[in-house]
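Working notes, beginning with the structure itself.
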Amino acid sequence: MIYDEFVTQIEGHGRIYFDIKDGKVVEARLEIHEGSRLFESFLRGRRADEVPQMSSRICGVCPVPHNMAAIQALENAMGIEASEQTKMLRRFMISSQMVQDHALHLYVLAAADYLGVTGISEVYAKFPDAVKRCVRIRTVGNRGIELVGGRAVHPINSIPGGFAKLPTREDMEKIAKDFKAILNDCIETFRLFASLKCPDFERPTEYLAIDDGKHFPAYAGRLVTNRGLKVEAKEYRNHIKEVFKPYSNTKFCVMNGHGFHVGAIARVNLFKNRLNPTAKELLRESPVKFPSDNPFHNNLAQALEIVHYAEEAIKIAEELAVKLKDEERPKPTKAGTGVGVVEAPRGTLIHEYTVDKNGIVKDANLIIPTGMNTTNIEEDLYALLSANINKPKEQLKRLAEMLFRAYDPCLSCATH
Amino acid sequence: MKPKVAIFDLTDCEGCEVQIVNSKFIDRVLGGVEFVHFRLGQRVNRWEEFDVAFIEGAVITSHELELVKKIREHSKIVVALGSCACFGGIAAISNFMDIKEAKRYVYGENADKIETLYIKPLPEIIKVDFMIRGCPIVPEDFERVVSDLFAGRIPREHTRPVCMDCKSKGNPCQLLKNVPCAGPVTYGGCGAPCPSAGMPCDGCRGPLEEPQMSAELELLKKIASKDDIVRLFRKYAPMAPLFKDVGGEKL
């Protein structure tokens, strides 16, 4: 029964296989056994206006970014220019998702690794205050998504052109207060994770995130890396290649033949100067400095982002509390192909669709953050296992799984 | 003694498990039960007799097929969690496609190396005692079923369509605006989040018992194309009874 071999406390089904001979790592594989749901196939033939909701079903943990990437791609395909207000509301939804989702990963999935316990029940029994903090943070994050998107898991009313229904100014004022009320919990989360000890490990790699020229990465932008890549999102196919591995239902991604890293650590490494003030202040007092080449620091970067995105949500909500207004939704002006990019909690997410003149989707391609990270994870595994080669096999297994978990992988997404 | 609970996820988005974590009830669940098997939540998991096993997701691979049979053998009560388990879920749309072509589109020349079974609803594979429907489930349904089971009561089924939820929210009727809506035939109790957000019901909870399906289809034919009607029911519960026939000769 393979189920019992799957790595626990991660989204989706996969395992790590490694083989050591004569004191050397001869094989280290990330085997992903998630069933293939074939989203790209069955999204063909659907109406463009139903695709954003259907795409969100790729992931129940991070539905908002899928919904947003699909909308952006469809708008680009159909020549729809979303208003500034619409883009602000979308950044608000992504910020809310980040807060909620990072808290879920840190407290419910990753915390056990650092606190030396086996799982959620034990965390609940031994660290009740942390669990309560997590619930408070997630409740407000969910409320933010619900307020604008209609529902926290699988948003409903965010569609190409804007929203089927808008919140009110009073709603925005109230949610700003809610986010303010949890800001201290977010700060405490960062301090907690900054105080926990990470395995000592470093491996320089290429970090990718999106850049809209202004904001810390969230909604739309060019693809940029720390090694000088700077291209329009629609050129992604020239740089990111998918490779089939016989042991994985997820296709692995490479850039120029090697692995690269997306996610919180990539965003903080690349754009720490654009963090909001409290997050920036916390970074100054942090014992860990960014840019960091220790993949375990992704968890600390997530904790930092909880603070940043909560501040971002407050900023946007306060602005909209005074200027939100009803708007006409722009209509499609053409048929064609479009690419959408957003930052999901786990990293840069790319959706691409071709829409015909009847508004029916003809082609779909999805590049998922965990899919992008796969090659980098394997490269890290080799290096991490090699550096700890003398440890007992059971300890190596735990360390390898902890590394995998630090990436906050989502294999449901990655395989889709 | 605390009830022994297992939560299993098959191929899916894990959004229903997230809804469990989102439930206000989570405190009482964490304190009140013993999780014997819960891959997403803990490292150490055991196979022993489960008082209740929740199964989320669709059976897409042959090891999942073996797994659900094993879970059934170990469980006093099996609850199907969410529409992937109850009705095959969104991925079952591919049941209605040329599956070879569908795989080739995603995996190219490696398509044959990817295993995808014809996706059956869980109750067609093993005996399922209760279903918590929806894509995603609503936390209130989870809370109600769990409280009932732990109190030794048999959870009751909702008997009203989504329209009743929708009316009680005071929403304008989508059908009266000529928007195709599955509300009249869909199993209610969700609180009608979709019409409340300005969108039609897309039938994610499957049909209620004895729905007026032919009347619904007659009505839809007046306002929507055949393709749009098929798309409405072939979405989140495409293998649900009656919904799966839409698009066949009956339409």
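Is there a residue in segment B:63-83 that is at positive phi, facing chain A (nearest Cβ under 10 Å) and modelled with pLDDT of 95 or more? Yes, that holds for at least one residue.
Taking the criterion of being away from chain B (no Cβ under 11 Å), over 30 Å from A:THR337 (Cβ atoms) and either part of a helix (DSSP H, G or I) or among the small types (Gly, Ala, Ser) (or both), would at least one residue in segment A:143-162 satisfy it? Yes, segment A:143-162 contains a residue that is away from chain B (no Cβ under 11 Å), over 30 Å from A:THR337 (Cβ atoms) and either part of a helix (DSSP H, G or I) or among the small types (Gly, Ala, Ser) (or both). If you go through segment A:189-248 and keep only what is under 24 Å from A:HIS102 (Cβ atoms), among the polar types (S, T, N, Q) and touching a residue at least 60 places away in the same chain (Cβ under 8 Å), you end up with A:THR189, A:THR205, A:ASN226. Just name the residue that is farthest from the chain's Cα centre (by Cα) out of those in segment B:30-62 that are within 10 Å of chain A (Cβ to nearest Cβ) and aliphatic (A, V, I, L, M). My answer is B:VAL44. In segment B:167-251, counting only helices (runs of 4 or more DSSP H) that sit wholly within it, the ones holding 3 or more residues that are within 12 Å of chain A (Cβ to nearest Cβ) span B:193-196, B:226-233.
Here is a yes/no grid of residues against (1) touching a Phe, Trp or Tyr at 6+ places or on another chain (Cβ under 9 Å); (2) crowded, with 20+ Cβ neighbours inside 10 Å; (3) in contact (Cβ under 8 Å) with a residue 60 or more places away in the chain:
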residue	(1), (2), (3)
B:ARG144	no, no, no
B:ARG153	no, no, no
B:ARG160	yes, no, no
B:CYS181	no, yes, no
B:SER196	no, no, no
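Scan segment A:118-129 residue by residue and report those that are touching a residue at least 12 places away in the same chain (Cβ under 8 Å) and surrounded by 18 or more Cβ atoms within 10 Å (Cβ to Cβ). Listed by number, the residues that qualify are A:GLY119, A:ILE120, A:VAL123.
In segment A:106-117, the qualifying residues are those that are over 22 Å from A:MET93 (Cβ atoms) and within 8 Å of chain B (Cβ to nearest Cβ), and the one that is surrounded by the most Cβ atoms within 10 Å (Cβ to Cβ) is A:ALA112.
Per-residue answers, yes or no, for (1) of a type outside the set (A, V, I, L, M, F, W, C); (2) more than 19 Å from the chain's Cα centre (by Cα); (3) modelled with pLDDT under 95:
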site	(1), (2), (3)
A:GLY263	yes, no, no
A:LEU270	no, no, no
A:LYS289	yes, yes, no
A:SER292	yes, no, no
A:TYR309	yes, no, no
A:ILE316	no, yes, no
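Any residue at all in segment A:93-105 that is under 19 Å from the mean Cα position of the chain (by Cα), within 12 Å of chain B (Cβ to nearest Cβ), under 30 Å from A:TYR124 (Cα atoms) and part of a loop (DSSP other than H, G, I, E, B)?
No, every residue in segment A:93-105 fails to be under 19 Å from the mean Cα position of the chain (by Cα), within 12 Å of chain B (Cβ to nearest Cβ), under 30 Å from A:TYR124 (Cα atoms) and part of a loop (DSSP other than H, G, I, E, B).
Scanning segment A:251-273 for residues that are of a type in the set (Val, Ile, Thr) and surrounded by fewer than 21 Cβ atoms within 10 Å (Cβ to Cβ) yields one hit, A:VAL254. Of the residues making up segment A:391-416, those that are assigned to a loop (DSSP other than H, G, I, E, B) and free of Cβ contacts under 8 Å to residues at least 12 places away in the same chain are A:LYS391, A:PRO392.
All of (1) surrounded by fewer than 15 Cβ atoms within 10 Å (Cβ to Cβ); (2) modelled with pLDDT of 95 or more; (3) basic (Lys, Arg) hold for A:LYS197 with one exception: (2). Going through segment B:93-144 one residue at a time, which ones are part of a helix (DSSP H, G or I) and among the aromatic types (Phe, Trp, Tyr)? B:PHE96, B:TYR105, B:TYR107, B:PHE142, listed by residue number.
Of the residues making up segment B:20-60, just one is in a helix (DSSP H, G or I), in contact with a Phe, Trp or Tyr (Cβ under 7 Å, 6 or more places away or on another chain) and touching a residue at least 12 places away in the same chain (Cβ under 8 Å), namely B:ILE20.
Looking across segment A:1-50, the residues that are facing chain B (nearest Cβ under 8 Å), over 15 Å from B:ARG43 (Cα atoms) and charged (D, E, K, R) come down to A:GLU34, A:ARG37, A:GLU40, A:ARG44, A:ARG46, A:ARG47, A:GLU50. Yes or no: segment A:193-215 includes at least one residue that is among the polar types (S, T, N, Q), over 29 Å from A:CYS134 (Cα atoms) and touching a Ser or Thr at 6+ places or on another chain (Cβ under 8 Å). Within segment A:193-215, none of the residues are among the polar types (S, T, N, Q), over 29 Å from A:CYS134 (Cα atoms) and touching a Ser or Thr at 6+ places or on another chain (Cβ under 8 Å).
Exactly one residue out of A:ARG44, A:ARG29 is part of a strand (DSSP E or B), surrounded by fewer than 24 Cβ atoms within 10 Å (Cβ to Cβ) and in contact (Cβ under 8 Å) with a residue 40 or more places away in the chain: that is A:ARG29.
Of the residues A:ALA364, A:ALA383, the single one that is out of contact with any Leu (no Cβ under 7 Å at 6 or more places or on another chain), touching a residue at least 40 places away in the same chain (Cβ under 8 Å) and among the small types (Gly, Ala, Ser) is A:ALA383. Which of the residues that make up segment B:4-28 are closer than 20 Å to B:PRO139 by Cα and more than 10 Å from every other protein chain (Cβ to nearest Cβ)? B:VAL5, B:ALA6, B:ILE7, B:ILE20, B:SER23, B:PHE25, B:ARG28 - these are the residues of segment B:4-28 that are closer than 20 Å to B:PRO139 by Cα and more than 10 Å from every other protein chain (Cβ to nearest Cβ).
All conditions but one from (1) over 20 Å from the mean Cα position of the chain (by Cα); (2) crowded, with 24+ Cβ neighbours inside 10 Å; (3) of a type in the set (Gly, Ala, Ser) apply to B:ALA102; the one that does not is (2). Go through the residues of segment A:277-287 one by one and say whether even a single one is assigned to a strand (DSSP E or B) and buried (at least 18 other Cβ atoms within 10 Å of the Cβ). Within segment A:277-287, not a single residue is assigned to a strand (DSSP E or B) and buried (at least 18 other Cβ atoms within 10 Å of the Cβ).
The values are calculated or read from the model by the stated rules, or taken from the named source; none is laboratory data. Only a predicted model underlies this, so the values are computations on that prediction, with no experimental measurement involved. Please note: Cβ atoms are built from the backbone with ideal geometry, for glycine as well, and neighbour counts cover all protein chains shown.
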